[in-house]
C-alpha cells in the first residue's frame, strides 16, 4: 500500500442532510434532503503544505420543494440537471433559475448524462449530449447537438432501473434488482449481461442475446472466488464508467469490467474486503465506499492501494475531482503527484504497482526526475530474483534485454566464477546501459549475497539456461550483422572491430555460464553445446570437464577450439582406461577429420597407433571421410614405406582400386611393393604369403595400364617371376620374348595361345603374334628340337590368321601333308570367303555410283527462265539481272530474300 490520495475534510457538521453532490471545475454542488442547493467555490492547494479551501458561495433554500436526489451538468447547453420530486429539471447554470421541467420524466428515479465530441460528416467536430432518464419501466433519452435540442426517444424495459451509466454515446448500461443489461439506443436491442437465473430472466427481457448471456454467466468463476454472490440474495447494483468505453459492474463484494460489446475486458475482477455501497473511479483507481471505510484499488492489478476511515460515507463523485460525503460531512481526496506515488512505491519495493501505475497514466504527467519504466522493471526483476522468484525474474530480464553479464553476476561463484569480483556483487546492476543513478540506488540497499539452497539454485540455474540460450542467439545474430556490414563505406571499421570484440567477450561469458549450468542440471546437454561452434572459456572449460572426467566432451571442445594437439595428447593418455574413450579408435576417428592442414600432426600421433593396432590405424588414411581425400598421397606413401611394406601396399590398393587414382608413380610403387613382399616372404619361407602376393601382382600387372613396364623389368629377379616378366614384355611390345617365356620357361602352351588371342591385331600384320608363336615352336635354340605338335595345334585353331606361304617356309621339310589338311582347308575357305565378300562390296559400290550419276543428271537438267516480267514473290520487285535463288518447288526469289522465304516454308534453295 501507499498514499495515493490526501484526505481533506472540506465541509463538516452541515446542518442540512446531504442527499447528492456534484463537482465541476472549481465548483462543488451539494443537494440536501430539504430541497436546498448549496454552491461552493473550491480553491485547489498551490503547494504541498497548503490545504484545500472551500467557500460557500450561494445557498438556494427554495431551489426545490423536495430532496435533490441527483445533480449533474450539461455544459454544452449551459444547464444544471437535477432530479427532485420524481422529475428531472433543467436550471440555468449561472442563475440557477428553472428553465424547464421535463414533463415526460414524471415518476423518474434516476438519470445519466453523457457528452462527447464526435466528428460529423467525417470532419466537422460537434458536441453530442444525451440525457437518459429512468421512469418506471421505460427509459427516455433526450439528445442535444452542440447547444440545440435534437429529439426525444422512449424505450421499454422489463423492470425498474436502480442504476445506469452511458457506455459511449449509443449504449446504456442498466442495473436492475437481479441483473445488468446493455441497451443499444440505435436498435433498441437489450442484452442481458448476467443474472442469477438466466432462463427466467431471458424470458422476461424478450430480445436478450442468448450467446452473450451464456458467455457472461461464466463470470462467477473469474478471479479468486469469482464474482461471489451473483447467484445469491440480490444486492445493490453498481455501475461505474471507466475510460475507453469500459464500465465497472459490481454485485456483493466483487466488481468486473465490461466493454461496449458486453464482454469482459480484463482477465480478473476486483475483490473488495466487503460489499461496496457505492463505486467510483478516479484516474487510475477504483474507489469503493464500504460499511466502515473506503477502499482505493488499482484497476489493473486489483491490489489495495489505500484505505481511509470516513465515518458514515455514502456518496461520491466520479472522475478527477473526487468528493465523498456522509449525511453531514464532505471530504475531498486530492491525489499525490504521480512522481511522488511512484517514488514511494519504489522505496517500498512495490515495483509491480509502480509499473502498473506508469503503464496506466499519461507520460506527460511524469517529470524528468521520476524513475523510468525500464529502470523500475529492472529493480522489480532484481527484487523477484532476491525473493527466489527466478522464472519471473529471468523472464523480465529477458524482456528488458538486460545484459547477460549482469544477470550471470547474480549467481554464486559456481556459475559466475569467471567474472571479475566487481561484477559479482549480488543484486548490483553493472551494465553500462543503466544510468549512474540506477546503480547508486541499487547499491545503496547494500544487499547481502543471495543465499540459495541446493534446490533453489537448481531452479535458478534452470531458468538461467533459457535466458542464456536466448541471449546467445541474439548476440550471435548481432555479430553476424556487424560482420556483414564490413564492406560498407559508411561504417567505421575500427569501431566495428572493437564492437565485435566486445560482443565476442560477452559471448564467451554467456557460453561458459551455459556450460556450467548444464553441468549442474543436465549433463547430457554438455556435449550438444561443445560439439557446435561455441565460445566457452578455454581454461575454465578444460578444468571443469577434467574435474568431472568428461573426456569425450573435452575432446569435442578441443576440436572446436582448434586445440588438436591437446585433444590428441588427452586421447593418448586415456586410451588404456575403460569406457567409451578406451582403445585407439577414438584417436583414429579424430585424426580422420583433421585434413591436410594438420598432416604433420596426423603422422606424429598416427605412429603410436600404427605400432599398436596397424589394421585399425590404417583407417586414418583409407576410410570414407572427405578430409582423408585431401591428404597428400605422396607423403602418406613415403611415411608408410618407412613403417611397413604391407601398410604401404594396403594404402596404395585403396588409392588405386577404390579412388581410381591413375598416377603412374603410385602404380609403379604398388608393383615394387608387391615384389618386395614376395622377396621378403620367400626369404622367410612363407610360401602361402608368396603365393597370395603373386596372385595380386599378376592381376594388377594384367589390368593396370598406368605403370611403367620398363622401370619394373629391371627389378625382376633373373631366375624367377617369369609370368610377371612375360606380362611386362608384352606391355613394351616384346611379344616374341614373352611367348618364349611361356613356351621355354613355363612350358605353358595354353597360356601362350591365350596370349596370342589377347594380343592379336589384324591391322598390324608385321606384329602377327600367332606367327611369332610358330617361330618359337619351330625355330628352337641350338641343341633343341622343333615343337611340331603344338605348332600344328596353333595352325589348326588359328591358321586363318597366318599367311600360308610363310607357314610353308617355316615348317620342317619332314612335315607330312595330311598333318596340314585342316590348316589348308581353313585357309582356303577363309580365302574364298574374303574373295566373295570383296566381290559383293564391289558390286554394291558400283550400283551406288550409278544411282549417284542418275541423280546428278536429273539436277543438271532442271532450269528456270528469267524474263523481264519475272517478279520476286517476297519483295514484289523484278528479278532482272539481280542474283537470284531457286527453291526446290521452282519458286525464284532475290538472293537477299531467300532467308525470309525459307523461314516461312521454302526451307531449301535449289
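Using bins of 10 Å that start at zero, the share of Cα-Cα pairs per bin across the range 261-353 amounts to 15, 45, 32, 8, 0, in whole %. Distance from a point 7 Å along Cα→Cβ of residue 573 to each backbone N in the range 515-543: keep the residues under 12 Å and list them by number. Only 543 pass the distance filter. Here the extension length gained between residue 687 and residue 750 equals 20.2 nm, from 0.36 nm per residue of separation less the Cα-Cα distance. Once the Cβ-Cβ distance between residue 497 and residue 615 is put in as r, and R0 is 35 Å, what FRET efficiency do you end up with, to the nearest 0.05? Once the sixth-power term is evaluated, E becomes 0.10. Counting other Cβ atoms within 10 Å as a rough exposure proxy, the listed residues 667, 388, 798 run 388, 798, 667 from fewest neighbours to most. Among 621, 824, 114, the ranking by other beta carbons within 10 Å of each residue's beta carbon, starting with the fewest, stands as 824, 114, 621.
Centroid-to-centroid, using Cα positions, the range 794-823 and the range 833-910 are 59 Å apart.
For an R0 of 41 angstrom, estimate the FRET efficiency from the Cβ-Cβ distance between residue 126 and residue 46 and round to the nearest 0.05. Step by step, r from the Cβ atoms, then E = 0.65. Computed from Cα atoms, the angle from the helix 664-684 axis to the main principal axis of the chain rounds to 70 degrees.
With the largest listed first and rounded to whole Å, the semi-axes of the equivalent ellipsoid of the range 5-336 from the Cα gyration tensor are 30, 26, 19. Going from the fewest other Cβ atoms within 10 Å to the most, the residues 816, 642, 302, 680 appear in the order 816, 642, 680, 302. Relative contact order for the range 3-65: 27 percent, from Cα pairs under 8 Å spaced at least 6 residues apart, divided by residue count. Compared with the dominant Cα axis of the chain, that is its longest principal axis, helix 564-574 is turned about 80°. Between rounded, prolate and oblate, where does the range 733-859 land on the alpha carbon gyration tensor, with a ≥ b ≥ c its root eigenvalues, rounded for a/c under 1.5, else prolate if a/b exceeds b/c? Here the range 733-859 falls in the prolate category. Sequence-distant contacts, meaning Cα pairs under 8 Å at least 6 residues apart, place the relative contact order of the chain at 4 percent. I need to check one value: relative contact order of the range 5-336, counting alpha carbon pairs closer than 8 Å and at least 6 residues apart, in percent. For the range 5-336, the relative contact order is 13 percent. Dividing the helix sum by the residues of the chain, where each DSSP H run of 4 or more adds -39500 (n - 2.57), gives a mean residue ellipticity at 222 nm of -12500 deg cm²/dmol. Enter the angle in degrees (range 0 to 90, nearest 10) between the Cα long axis of helix 373-386 and the first principal axis of the Cα atoms of the chain, meaning the one along which they spread out most. With rounding to tens, the tilt is 80 degrees. Rg and Dmax of the chain, based on Cα coordinates, read 54.9, 172 Å.
Spatially, the range 568-633 and the range 109-171 are offset by 90 Å when compared through their Cα centroids.
Quick note: the coordinates plus some simple rules give every number you see, no bench work behind them. As the structure is a computational prediction, the values presented were derived from the model and not from experiment. Heads up, the Cβs are rebuilt from the backbone with ideal geometry, glycines too, and the neighbour counts pull from every protein chain shown.
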